[in-house]
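Visitor: Please read through the structure below; I'll follow up with questions.
The values are calculated or read from the model by the stated rules, or taken from the named source; none is laboratory data. Since the structure is predicted, the reported quantities are computational estimates derived from the model, not experimental observations. Positions of Cβ are generated from backbone atoms using ideal geometry, with glycine treated the same way; all protein chains shown enter the neighbour counts.
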Amino acid sequence: MKKKHLESTELPEDYLDDNDLEKQDLRPIPGTETLVFKPVFIERYSKLTDWETFKSCSLSFLRRSIRVNTIYSTVEEVKNSILKRGWKLKQIPWCKEGFWIEHDERRDVGNLLEHHQGKIYVQESASMLPPLVLDPQPGDLVLDMCAAPGSKTTQMGAMMKNKGLIVANDYDGQRLQSLGINLQKSGLTNVLISLMHGKRFFGFQFDRILVDAPCSGTGTLRRSLGTIKRWNPGVVRKLSRMQRELLDNAFRNLRPGGTLVYSTCSLEPEEDEAVVSGFLQDTPDAEIQNIKLPGLKRSPPIEEFEGQKFDSRVKECIRIWPQDNDSEGFFVAKFKKKE
């Protein structure tokens, strides 16, 4: 049975109108016409969304996007500089520092002078959501529990104006090398790198915590088609258990009154709504928060799937499909710890 959209009169103003799905000019990725999806994958996603629309968008080129690093320059200065050299920029509605970028000659964004200077960071538009939802402030003590390679860490560091402290943690030493390079290039001095599994953090009291959890990555098919071959339900279930452990431990390290954001680039209910539902039911001092990001189109969260009914509070989460904003797919939930 296909997921039914709410009637338009029931939808918040930032929920997606089904008619919007047909207005996008998508460029198919050459060679994907022969790509084969597993039958169980097709069956599952046909229950969650409009399969043909999701497939068409997932097999099209992903728009390139950048975020201006305000540690080094202003948005206006960088924008004017790039436009003068023939690039086209389109504002990302939910991020004032973010732009979709293209050039008639299909030039490489990585060759831009501003990229080499650290004035821009190449970051997917949906990836900018979790830091914006967490909203770290200058002077905060922040934990980025699964930080590498650093797109969200560098975004938060700029939001904090290099003030306060971010503990950027990851369990993969090789990925932390990339994080270190990106931090240095971005001019950030308010970040401390740590190497440990997120489940092992103990005894801290952070003002804000981001858990951008390792996931199956089904929202990122457009830049990682290999995900289709690697996907299987067993891995999804295993990841779901680990994600819940990370969320539980992060919350233990959050001060009363603090804010925690849980996010994935997965579209699997087991990794998204199921994790949030179980956490809310088992954690009485966690309050889920409503999320408002002007300009972001989103679809209703999944409230029931394959016989499992989730806690009604999951409706406060953000679920975006690739076809919603012509971006990657993402899931974001925001919590506050009771005083």
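Visitor: Consider Ser58 against the criteria (1) surrounded by fewer than 21 Cβ atoms within 10 Å (Cβ to Cβ); (2) out of contact with any strand residue (DSSP E or B) (no Cβ under 9 Å at 6 or more places or on another chain): it satisfies all of them except one. Which criterion is unmet?
Guide: Failing condition for Ser58: (1).
Visitor: If the requirement is being surrounded by fewer than 21 Cβ atoms within 10 Å (Cβ to Cβ) and among the hydrophobic types (A, V, I, L, M, F, W, C), which of these qualifies: Leu141, Leu112, Leu134? If you could, list the steps in order and put the result at the bottom.
Guide: Numbers: Leu112 fails: surrounded by fewer than 21 Cβ atoms within 10 Å (Cβ to Cβ); Leu134 fails: surrounded by fewer than 21 Cβ atoms within 10 Å (Cβ to Cβ).
Matching residue, one of Leu141, Leu112, Leu134: Leu141.
Visitor: Where residues in the stretch 28-52 are surrounded by fewer than 17 Cβ atoms within 10 Å (Cβ to Cβ) and polar (S, T, N, Q), which of them is nearest to Arg106 (Cα to Cα)?
Guide: By that ranking, first place goes to Thr32.
Visitor: Another question, if that's okay. With respect to Arg244, is the statement that it is among the basic types (Lys, Arg), touching a residue at least 60 places away in the same chain (Cβ under 8 Å), surrounded by 14 or more Cβ atoms within 10 Å (Cβ to Cβ) and in the same structural domain as Pro130 (by TED's automatic domain parsing) true?
Guide: Values: among the basic types (Lys, Arg): yes; touching a residue at least 60 places away in the same chain (Cβ under 8 Å): no; surrounded by 14 or more Cβ atoms within 10 Å (Cβ to Cβ): yes; in the same structural domain as Pro130 (by TED's automatic domain parsing): yes.
Taking the combined requirement at face value, the residue does not satisfy it.
Visitor: Continuing with this model, one more query. Inside the stretch 1-43, can you point out the residues that are at pLDDT 95 or above and out of contact with any helix residue (DSSP H, G or I) (no Cβ under 8 Å at 6 or more places or on another chain)?
Guide: Answer for the stretch 1-43, where residues must be at pLDDT 95 or above and out of contact with any helix residue (DSSP H, G or I) (no Cβ under 8 Å at 6 or more places or on another chain): Pro39, Glu43.
Visitor: Tell me, yes or no, whether the stretch 273-287 has at least one residue that is part of a strand (DSSP E or B), among the polar types (S, T, N, Q) and in contact with a helix residue (DSSP H, G or I) (Cβ under 9 Å, 6 or more places away or on another chain).
Guide: Filtering the stretch 273-287 down to residues part of a strand (DSSP E or B) leaves 286-287.
Subsequent filtering for residues that are among the polar types (S, T, N, Q) retains none.
No; the residues of the stretch 273-287 include none that is part of a strand (DSSP E or B), among the polar types (S, T, N, Q) and in contact with a helix residue (DSSP H, G or I) (Cβ under 9 Å, 6 or more places away or on another chain).
Visitor: Right, another one. Provide a single number: the residues in the stretch 164-178 that are in contact with a Cys (Cβ under 9 Å, 6 or more places away or on another chain) and at pLDDT 95 or above. Can you show your working first?
Guide: The first filter runs over the stretch 164-178 and keeps only residues in contact with a Cys (Cβ under 9 Å, 6 or more places away or on another chain), leaving 169-171.
In the following step, the residues that additionally are at pLDDT 95 or above were identified as 169-170.
Counting residues in the stretch 164-178 that are in contact with a Cys (Cβ under 9 Å, 6 or more places away or on another chain) and at pLDDT 95 or above gives 2.
Visitor: Looking only at the stretch 163-201, which residues are loosely packed, with under 15 Cβ neighbours inside 10 Å and not in a strand (DSSP E or B)? Break it down stepwise before answering.
Guide: Taking the stretch 163-201 as the starting set, the residues that turn out to be loosely packed, with under 15 Cβ neighbours inside 10 Å are 163, 173-174, 177-178, 181, 184, 189, 192, 195-196, 199-200.
Lys163, Gly173, Gln174, Gln177, Ser178, Ile181, Gln184, Thr189, Met196, Lys199, Arg200 - these are the residues of the stretch 163-201 that are loosely packed, with under 15 Cβ neighbours inside 10 Å and not in a strand (DSSP E or B).
Visitor: I would also like to ask the following. Which ones in the stretch 206-231 are surrounded by fewer than 17 Cβ atoms within 10 Å (Cβ to Cβ) and free of Cβ contacts under 8 Å to residues at least 24 places away in the same chain? I'd like the intermediate steps shown before the answer.
Guide: Residues of the stretch 206-231 surrounded by fewer than 17 Cβ atoms within 10 Å (Cβ to Cβ): 223-226, 229-230.
Ser224, Gly226, Lys229, Arg230 - these are the residues of the stretch 206-231 that are surrounded by fewer than 17 Cβ atoms within 10 Å (Cβ to Cβ) and free of Cβ contacts under 8 Å to residues at least 24 places away in the same chain.
Visitor: What number of residues within the stretch 245-263 satisfy the criterion of being over 17 Å from the mean Cα position of the chain (by Cα) and over 22 Å from Asn290 (Cβ atoms)?
Guide: 5
Visitor: Quick one: is Leu129 in a strand (DSSP E or B), in contact with a strand residue (DSSP E or B) (Cβ under 9 Å, 6 or more places away or on another chain) and either free of Cβ contacts under 8 Å to residues at least 40 places away in the same chain or not basic (Lys, Arg) (or both)?
Guide: Values: in a strand (DSSP E or B): no; in contact with a strand residue (DSSP E or B) (Cβ under 9 Å, 6 or more places away or on another chain): yes; either free of Cβ contacts under 8 Å to residues at least 40 places away in the same chain or not basic (Lys, Arg) (or both): yes.
Spelling it out, it is not the case that Leu129 is in a strand (DSSP E or B), in contact with a strand residue (DSSP E or B) (Cβ under 9 Å, 6 or more places away or on another chain) and either free of Cβ contacts under 8 Å to residues at least 40 places away in the same chain or not basic (Lys, Arg) (or both).
Visitor: Among (1) of a type outside the set (S, T, N, Q); (2) in a helix (DSSP H, G or I); (3) surrounded by fewer than 20 Cβ atoms within 10 Å (Cβ to Cβ), there is one condition Arg255 misses while meeting the rest; what is its number?
Guide: It fails just one condition, (2).
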